[in-house]
Amino acid sequence: MSNDGLQRILGGPPGAVLAKLVFLSVLVGAFLAVFGLTPPDLFNALARLFHRVFGFGFEALREAGRYFVYGAMIVVPLWLVLRVFGRR
């Protein structure tokens, strides 16, 4: 691969990009250390967040299904009675 192709992929000269990445890595690492966070903690927190969001979503569907069944227990028999006795 030519140097121009590598620069195009990296977004600049490889040395400059490496220096920026090192600087940003140290800056982000210091920020995380100030708050006592580690990357595994962040990933675990993110996984728990998705688990809770999906749990709430499925719980909401479960509640909606329960309401549907409760309503159908009243509506369907009434509809059936009205259909049977409504015909003359």
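Out of all the residues in the range 44-83, which are modelled with pLDDT under 85 and of a type in the set (Val, Ile, Thr)?
Val53
Being surrounded by 11 or more Cβ atoms within 10 Å (Cβ to Cβ) and in contact with a Leu (Cβ under 8 Å, 6 or more places away or on another chain) narrows it down to one of Val17, Val28, so name that one.
Working: Val28 fails: in contact with a Leu (Cβ under 8 Å, 6 or more places away or on another chain).
Being surrounded by 11 or more Cβ atoms within 10 Å (Cβ to Cβ) and in contact with a Leu (Cβ under 8 Å, 6 or more places away or on another chain) holds for just one of Val17, Val28, which is Val17.
The values are calculated or read from the model by the stated rules, or taken from the named source; none is laboratory data. Keep in mind it's a predicted model, so treat the numbers as computed, not measured. Methodologically, a virtual Cβ is constructed for each residue, glycine included, from the backbone with ideal geometry; neighbour enumeration extends over all protein chains shown.
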